[in-house]
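See below for the structure under consideration.
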Amino acid sequence: MTTRLRTWVLIAGLSALFVSLGAFVGGTGGLIVFLLIALLFNFAMYWFSDKIALKTSRAKPLEQADAPNLYADVEELAQRAGLPMPRLYSIPSEQPNAFATGRSPKHAAVAVTEGLVNSLPREQVKGVLAHELAHVKNRDVLVTTVAAMIGAAISAVAHFLQFSWLFGGDDDESPLGFVGTIAAILIAPIAAVILQLAVSRQREYLADATAAELLGEGRPLADALGSLERGVQAVPMAVNPATASLYIANPLSGVGMASLFSTHPPIPVRIQRLREADRARGIHW
């Protein structure tokens, strides 16, 4: 319940920021317009989040005949989790990675990259699949997708303000108007990212813990996370930054200041948490 509350607080915060930008751009009229846009946007994301995420990643349906072991492992894990069999998709990328999407367990989809299936041992792939099905089981897939899309919308509004200001769209020459515009351009996207971070990191920890329960131990997932970290650093992947948070490992390998704004917890910390949880189960590795 705490995790679900946090995720919906995130959505409310992002929507409020979006509407506030509308009020700044167009006063009361802008507030109403952007409120309606936010409501329509959230509704559209509820119904079409999976289609948008899969389309953006260029994912194609994966047939059982092409990946029988993958289908068998997903079916086994889904039964353990009490979930219906999700749709499986393949992403044309050599970087090992995966994500889950869909507005509910009945509409869930799991997408895996070709690099994941081809380069990782089956046990590690199963660990990744357990993590993605944990997202479905915890019902936080939709919230993450909506948060990513609203974050992209806020960035788009900030860019609109920037171009409007640069090309003379704002006739207000008062210092306060100038400062307000600069603040909206600079602060709004950063605030959107911070709100996404607030839930995203805890969501990953929760999915890791749930995956370990489905597997009976955390070691397969921990080993997979280590492989994913090396793969992300070695193989680049073209991903929309707004949807990068959907993946089990951040496909946009960030270093320095960029790592501070990652939606993913540090992989070494995730591995350590899995190790400590296994020790509590009496499993040592």
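What number comes out for the charge environment of D66, summing +1 per Lys or Arg and -1 per Asp or Glu over other residues with Cβ under 13 Å away?
Within the 13 Å Cβ shell, the charges total -1.
Count charges around F99 for me, please; just the other residues with Cβ under 12 Å from its Cβ, Lys/Arg as +1, Asp/Glu as -1.
-3
Which whole-Hz ³J(HN,Hα) couplings does the stretch 215-229 yield from phi under the Karplus relation 6.51 cos²θ - 1.76 cosθ + 1.60, θ = phi - 60°, glycine and proline marked x?
Result, ordered by residue: 7, x, 6, x, 4, x, 5, 4, 4, 5, 4, x, 5, 5, 4 Hz.
Taking 7 Å along the Cα-to-C-beta vector as the label spot, tell me the S104-E76 distance in nanometres, rounded to one decimal.
About 3.0 nm, to one decimal.
How much length, in nm to one decimal, is gained on full extension between K55 and Q233, taken as 0.36 nm per residue of separation minus their Cα-Cα distance?
Stretched fully, the K55-Q233 segment lengthens by 61.6 nm.
Kindly report the accessible area of the stretch 73-130 per residue (heavy atoms of protein chains, probe 1.4 Å, no ligands, DNA or RNA), in Å².
36 Å²
The values are calculated or read from the model by the stated rules, or taken from the named source; none is laboratory data. In this text, all values refer to a predicted model and were calculated from it rather than measured experimentally. Cβ: placed from backbone, ideal geometry, glycine included. Neighbour counts: every protein chain shown. Areas reflect the complete protein model, heavy atoms only, side chains present, ligands, DNA and RNA absent. Shrake-Rupley method; radii C 1.70, N 1.55, O 1.52, S 1.80 Å.
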